[in-house]
1. Among the residues of the range A:123-132, are any within 14 Å of another protein chain (Cβ to nearest Cβ), of a type outside the set (S, T, N, Q) and farther than 24 Å from A:E193 by Cα?
2. Which condition number does A:T48 fail, the rest of (1) over 18 Å from A:T79 (Cα atoms); (2) outside any helix (DSSP H, G or I) being met?
3. Assuming B:G17 fulfils every condition listed in (1) touching a Phe, Trp or Tyr at 6+ places or on another chain (Cβ under 8 Å); (2) away from chain A (no Cβ under 14 Å) apart from one, which condition is it?
4. Taking interchain pairs and intrachain pairs at least six residues apart, which have beta carbon atoms under 8 angstrom, with the first residue in the range A:125-152 and part of a loop (DSSP other than H, G, I, E, B) and the second polar (S, T, N, Q)?
5. What's the total number of residues in the range B:136-160 that are surrounded by 21 or more Cβ atoms within 10 Å (Cβ to Cβ) and either free of Cβ contacts under 8 Å to residues at least 12 places away in the same chain or of a type in the set (S, T, Y) (or both)?
6. Of the residues that make up the range B:349-360, is at least one in a loop (DSSP other than H, G, I, E, B) and charged (D, E, K, R)?
7. Is it the case, given these coordinates, that A:I316 is closer than 16 Å to B:N188 by Cα, within 14 Å of another protein chain (Cβ to nearest Cβ), without any contact (Cβ under 8 Å) to a residue 60 or more places away in the chain and surrounded by 19 or more Cβ atoms within 10 Å (Cβ to Cβ)?
8. Among the candidates A:R231, A:R327, single out the residue that is within 30 Å of A:S211 (Cβ to Cβ), over 22 Å from the mean Cα position of the chain (by Cα) and not in a loop (DSSP other than H, G, I, E, B).
Amino acid sequence: MYKMEPQFLLAKAKDEEIATKGECGGAVSALFKYLLDQELVDGVLTLTRGDDVYDGIPTLLETSDDIIETCGSLHCAPTMFGDLISKQLADMRLAVSVKPCDAMAIKELEKRHQIDSDTIYKVGLNCGGTVMPITARKMIEMFYDVDPKEVVAEEIDKGKFIIELSDGTHKAVEIDELEEKGFGRRGNCQRCELKIPRNADLACGNWGAESGWTFIEVVTEKGKELVENARKNGYIVVKTPSDKAIAIREKIEGVMIKLARKFQDKYLEENYPAQDNWDEYWNRCIKCYACRDVCPLCFCKECDLEKEFYADENEIAPDPLTFQGVRLSHMSFSCVNCGQCEDVCPMEIPLARIYHRMQKKYRDETGFIAGVSEELPPLYSPEKG
Amino acid sequence: MLKIAHTICPSCSVGCGVNLIIKNQEAVGTYPYKRHPINQGKNCKKGRDSFHLLNENRLKTPLIKKGGLEQVSWEEALDTASSQMKSYTPNEIGIITSGNCTNQEYETLKKIAESLGVENIGYNAGAFPSFDFETATLDEVENSSTILILGDVLKENPLLGRRVILAHEKGAKIISVDLVQKTLTGINSDEYIQIGSMSEFSEIGKTILPKLNESSTVLIENLEPIEEFENILKIFQESDAKILPVMEECNSRGAMNHLPALSKNDLKELLEKVKLLYVVGDDPASYQIESLKNLNFIITEGCFVNETALMSDVVLPGSCWAEKSGSFTSTTGETQNISKIVEAPGDARDDVSIMIELAEKIGLEL
């Protein structure tokens with residue numbers, strides 16, 4: 001008889017269809033199915049594939065019949081669930097599949113009472129990073145010499161971005177090579193140190209897992225109960241991973257964190273934009289508030305940025321001190337480096353670089369890690385929220 | 001209960017993709033559509049706010065003027081509209097629209113006009129007359145060596161402005177021209193030239209001309225009056241530069257492909273010539289209120305409560321962009337499909353269906 005003692009386990013779906021169609025034995029899908037079937041949640045928020053493999057769409061499932069649609073990996077979908085939950089789904093009991101950045105955003109929102117931690121199951125997915133869809137299409141044309149339309153599936157494994165074509169063949173290119181040429185994962189993902197979301201209830205993935213199984217790290221009591229009950233109710237089967245499997249997983253994580261730190265040094269220090277570059281960037285700003293509006297952590301109903309005394313009547317581009325500066329002073333300590341602000345900036349301002357750099361310095365000084373630490377940032381203003 | 005669905009932004013002619021967040025059948029927000037090749041999930045404020053169009057200021061029931069405007073059944077509204085249309089000669093009927101309708105609506109309108117024998121038809125063309133040359137693509141803008149910009153593209157059409165920024169980062173020379181002292185595009189250009197009037201631009205254009213070659217693009221955003229376009233076009237067509245007129249509305253280019261382009265003067269003339277006006281998705285009261293007052297009968301089909309609707313004799317409530325299927329053609333000439341995502345409010349109906357039913361009642365074969 002299996003006991004819930006170990007922190008690590010291997011799991012897969014008992015349902016044959018989910019086990020075959022799902023990633024790594026479909027354990028995550030099976031957990032969602034269990035939660036919906038038992039009416040422990042009202043909905044499951046996850047990604048489904050839209051028009052093609054480059055198109056991931058946040059989808060709310062309210063019955064377990066649709067679970068099968070959500071199976072399969074989508075690395076070209078740099079989505080953010082944090083504010084989607086706090087703004088649109090706060091009144092639901094929810095289970096959500098989260099990348100580490102989603103989990104970080106949710107954690108900060110929980111601390112700010114924008115998401116109720118009691119009504120949400122966070123099933124974390126290990127993440128080596130995501131690729132912008134259009135970047136992915138371009139690099140598949142250039143480096144793989146393949147029409148992006150021909151790609152039916154993709155995966156990231158052993159440092160390679162691997163594509164599967166409609167004729168069943170595979171092609172792989174080293175991510176290092178892609179990134180050296182300005183392609184590959186988003187800049188934020190390259191710099192991200194949180195690869196295994198230990199800020200969720202469970203952290204699931206294929207690292208260290210044998211084929212057809214999901215490696216799960218149980219993080220919280222809630223996560224522990226979920227796995228235990230899903231097993232008892234016949235939704236998943238579990239077994240204990242070997243010491244070797246645990247070691248492999250640890251090694252992969254270690255390598256990726258080391259690489260992320262290298263990228264942090266490169267992009268936040270060595271190649272960090274000079275003052276002149278920033279002047280140029282701020283000059284482009286159209287004050288569209290896209291950075292603020294997409295920021296999962298910005299939730300104030302009344303925003304200081306819209307206060308009249310900060311705006312100059314004849315300004316063409318906003319004064320960086322009273323616009324970006326004010327936003328930076330409010331948010332940079334809490335920045336989880338999700339990169340959404342930079343993703344959506346119409347004027348290509350590398351905003352996340354400055355935020356990530358500030359949070360990193362703050363973290364070095366105070367020990368506060370946005371999205372991971374249990375408390376609020378020490379300088380958190382009581383005015384906000 | 002919650003759905004995220006792809007659509008095309010209705011705010012300008014660049015053709016950006018945007019995702020709508022639909023909660024309980026109502027659009028409550030937008031979400032980045034990163035898969036879209038034009039804007040990759042980036043939208044300007046207008047684009048992100050576009051969902052409000054679906055929920056505000058909508059026409060929800062057919063109306064007929066009986067003293068004031070009164071709610072009536074579709075049957076009554078269409079009967080009245082069709083019998084009025086039948087009672088005028090083709091020369092006495094005018095049909096005008098805007099650049100905000102779908103290509104399918106323009107096709108249907110065109111068929112109705114042809115079948116009725118109505119020649120007074122066209123769309124409110126704003127700054128651009130009809131043209132017929134190959135325009136620059138967005139990728140060509142991004143890969144230009146020199147970009148000449150007339151108007152404030154960065155501010156007015158930020159996702160086209162983004163291509164200018166990207167070109168600049170790759171080393172392109174940016175020259176911009178406008179009527180005011182300082183513009184956002186100007187402060188982000190290598191060279192900014194302020195002119196006193198558009199006619200001066202023709203002169204300046206000649207000095208810039210030698211700097212342009214086949215890897216240059218000319219973006220024309222701000223143009224007044226419409227007649228200047230021909231002059232400017234003549235100048236730049238002498239160079240090998242690619243030209244991109246930045247049209248105003250989301251489907252102005254589609255409208256141009258189907259219907260005559262009407263300048264302010266053309267519209268005024270048309271309105272003064274006809275007795276019955278059938279307006280689809282436009283608000284002529286906002287630019288020609290005096291001429292409208294002299295009309296005998298106005299039929300308005302559209303989705304918003306506007307001045308024209310309020311002074312109409314029959315109002316046919318149509319659908320807003322995310323409530324119908326069809327296509328928009330962007331200013332670069334790319335046709336993109338849109339699908340119905342939400343239901344139109346109240347008794348409002350799909351516009352093509354309204355047109356077809358009206359045509360049937362008139363007794364037309366389309």
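The values are calculated or read from the model by the stated rules, or taken from the named source; none is laboratory data. Since the structure is predicted, the reported quantities are computational estimates derived from the model, not experimental observations. In this analysis, Cβ positions are derived from the backbone assuming ideal geometry, glycine residues included, and neighbour counts consider all displayed protein chains.
1. no
2. Condition (1) is where A:T48 drops out.
3. Among (1) touching a Phe, Trp or Tyr at 6+ places or on another chain (Cβ under 8 Å); (2) away from chain A (no Cβ under 14 Å), the lone unmet condition for B:G17 is (2).
4. From residues that are part of a loop (DSSP other than H, G, I, E, B), the pairs are A:N126/A:N206; A:G129/A:Q190; A:M132/B:Q40.
5. 1
6. Residues of the range B:349-360 in a loop (DSSP other than H, G, I, E, B): B:349-350.
If we keep only those that are charged (D, E, K, R) as well, we get B:349-350.
Within the range B:349-360, one or more residues are in a loop (DSSP other than H, G, I, E, B) and charged (D, E, K, R).
7. So A:I316 passes the test.
8. Values: A:R327 fails: within 30 Å of A:S211 (Cβ to Cβ).
Within the list A:R231, A:R327, the selection yields A:R231.
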